[in-house]
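Please treat every number below as a calculation from the coordinates, not as lab data. Being a predicted model, the structure only gives us computed values, none of them experimental. Here Cβ is always computed from backbone atoms with ideal geometry, including for glycine, and neighbour counts include all displayed protein chains.
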Amino acid sequence: MTRIRLGMVGGGQGGFIGGVHRIAARIDGRFDLVAGALSSNPERAAASAADLGIAADRSYASYEDMAVTEAAREDGIQAVAIVTPNHMHAGPAIAFLKAGIHVICDKPLAATQEQAAEIEAAVAAADAKFILTHNYTGYPLMRQARAMIARGDLGKIRIVQAEYAQDWLAEDTHNKQADWRTDPKQSGAGAIGDIGTHAFNLLSFVTGLKTEALSAELHSMVDGRLVDDNAHILLRMEQGARAMVWASQVAIGHENGLRLRVYGDKGGIEWGQENPNVMTYARFGEPKQILTRGGAGTGADWTRVPPGHPEGYLEGFATIYDDAADLIEGKADGALLPGIGEGLDGMWFIRACQESSAKDGAWIPRA
């Protein structure tokens, strides 16, 4: 098997998500990281490239130089992972799409609606593919849940509850990860952008239902914080379904508490990311069932190890990369992959939450 030549923008020394992407790209042996513009600081970029075994002549001081140079090389990169803060997604995404290089971009799509529109235009004009890494859609039991709902196991969907609760920003925290996330110029939003978009994307992915309108109340619980760190959101969805999203980064005692519950007129499911290999399934009037990842074929199409051997965060990311490789190589249509549509949905979610909260919870319809 020939591996896809991968580049990376961002993800240098001291970063978190870049390392996650690199591990995910390696798990199934589909990619080789061969080039990078790993930092806006040239010295840090070069040192980071050396740490990762990237040749010095393929370590770039800017993504612009990287896009032009790699596109001209016979052995140039075929895909690039963008793992920068939100405000730095648009520039690299557009440059590499124009160069004919496939883009795998971390979420959310951008920091502003204007940047999102620019990416959308670039995707429409390009032959290259665009993938957004909403990694929780790669979890086997979330794909199992999607399939169950699509075939009617839960009946008509009535109620969806999604929450994503953390506590790491419960104080006025300053470090590399916190500083850009709490700077509105770099992030564009706080908890709703960082984790709320994950909850919103996941409930849409699993149910197959679009949101028609939302009402939100955003809070900045930490004094002086310029972005939201807690949000309560009501959703009116297609087919009369109703949903609630809670996103918080000040919920003390919660580490990475993404949780999804879906209830139809025939049954319900419940799943939590911190124990992602188990999902509860209940049919009305019958005993609850505990579905395990890989057990009796449950989610088996997307699992790598036998039942009872935990899979989680890194493997979910790896499934996105594996599906992306299939799409790039023309082996699949990428039907389960998040892309520009999901990115634009997330940007609407952020904008609508901010607008609704500014209007005291007014309902904001999806245009």
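Measuring from a point 7 Å past the Cα of Ser220 along Cα-to-C-beta, which residues in segment 187-214 have an amide N at less than 15 Å?
Label zone hits: 187-193.
³J(HN,Hα) across segment 124-140 via Karplus (A = 6.51, B = -1.76, C = 1.60, θ = phi - 60°), whole Hz, x for Gly/Pro?
5, 8, 9, 8, 6, 8, 10, 10, 10, 8, 7, 5, 5, 6, x, 5, x
How do 348-355, 124-131, 57-64, 150-157 rank on mean C-beta neighbours within 10 Å, highest first? Could you put the intermediate results ahead of the total?
Values: 348-355: 22.1, 124-131: 16.6, 57-64: 18.1, 150-157: 14.9.
Descending mean neighbour count gives 348-355, 57-64, 124-131, 150-157.
If you take the beta carbon distance between Arg304 and Asp333 as r and set R0 to 25 Å, what does 1/(1 + (r/R0)^6) give as a FRET efficiency, to the nearest 0.05?
It comes to 0.70.
Please give, to one decimal in nm, the separation of the simple spin-label points placed at Asp265 and Ala50, each 7 Å out from Cα toward the Cβ.
So the two model labels end up 6.7 nm from each other.
Could you work out the local net charge near Gln239, counting Lys and Arg as +1, Asp and Glu as -1, over the other residues with Cβ closer than 13 Å to its Cβ?
+2
Apply the Karplus curve 6.51 cos²θ - 1.76 cosθ + 1.60, θ = phi - 60°, to the phi angles in segment 246-254 and return the couplings in whole Hz, x for Gly and Pro.
10, 10, 8, 10, 10, 8, 4, x, 9
Between Phe284 and Ala362, how high is the FRET efficiency from 1/(1 + (r/R0)^6) when r is the Cβ-Cβ distance and R₀ = 30 Å? Nearest 0.05. If you can, show how the numbers build up before the last one.
On the way: r = 36 Å, r/R0 = 1.19.
Between Phe284 and Ala362 the formula returns 0.25.
Towards the positive end of the charge dipole of segment 315-367, with charges on Cβ (+1 Lys, Arg; -1 Asp, Glu), say which of Ala318, Gly346, Ala367 has the farthest Cα.
Final value for the positive-end residue is Ala367.
Can you list the lysines whose alpha carbon sits under 27 Å from that of Lys185, skipping same-chain ones fewer than 8 residues off?
Lys98, Lys107, Lys176, Lys359
Given 0.36 nm per residue, what is the gain on full extension from Met1 to Asn41 after removing their alpha carbon distance, in nm?
Numbers: separation 40, 0.36 × 40 = 14.40 nm, distance 3.55 nm.
So the extension gain works out to 10.9 nm.
Tell me, how many Å apart are the Cα centres for segment 272-310 and for segment 201-216?
Distance between centres, Cα-based: 23 Å.
For n ≥ 4 DSSP H runs only, could you compute -39500 (n - 2.57) per run for the chain, divide by its residues and tell me the 222 nm figure to the nearest 500? Write out the running numbers ahead of the final one.
On the way: 11 runs with 120 residues, N = 367.
One gets -10000 deg cm²/dmol as the mean residue ellipticity at 222 nm.
Give me the distance in nm between label points sitting 7 Å out from Cα along the Cα-to-Cβ direction at Arg236 and Thr69, one decimal.
About 5.4 nm, to one decimal.
Under 13 Å from the Cβ of Asp32, count the other residues' Cβ atoms, weight Lys and Arg +1, Asp and Glu -1, and hand me the total.
With Lys, Arg at +1 and Asp, Glu at -1, the neighbours total +4.
To the nearest whole percent, what portion of all C-alpha pairs in segment 4-132 is separated by more than 24 angstrom?
For segment 4-132, the fraction of Cα-Cα distances above 24 Å is 19 percent.
So what J values fall out for segment 58-64 if you push phi through Karplus, 6.51 cos²θ - 1.76 cosθ + 1.60 with θ = phi - 60°, rounded to Hz, Gly and Pro as x?
10, 9, 10, 7, 8, 5, 4
Which residue, chosen from Trp180, Leu169, Gln239, occupies the Cα position most advanced towards the positive end of the dipole of segment 162-281, where the dipole is computed from +1 (Lys, Arg) and -1 (Asp, Glu) charges on Cβ about the Cα centre?
Of the listed residues, the answer is Gln239.
Where is the GNM fluctuation largest for the chain (alpha-carbon springs, 10 angstrom cutoff): His134, His174, His87?
His174
Go ahead and set up a Gaussian network model of the chain, Cα springs under 10 Å, then flag whichever of Leu226, Leu33, Leu234 fluctuates most.
Leu226
Rank-order 106-113, 79-86 by packing density, defined as the average count of other C-beta atoms within 10 Å over each peptide's residues, highest first.
Per-residue Cβ counts within 10 Å, averaged per peptide and sorted highest first, yield 79-86, 106-113.
Report the relative contact order of segment 4-132, percent, no decimals, based on alpha-carbon pairs under 8 angstrom and at least 6 residues apart. Don't skip to the end; give the middle numbers.
Working: 242 pairs, mean separation 29.4, N = 129.
Reported relative contact order: 23 percent.
Just name one of Met88, Ala35, Ile17: the one whose Cα is farthest towards the positive end of the charge dipole of segment 4-132 (beta-carbon charges, Lys/Arg +1, Asp/Glu -1).
Ile17
So, R0 is 35 Å and r is the distance between the beta-carbons of Ser62 and Glu171; what FRET efficiency does that work out to, to 0.05?
0.45
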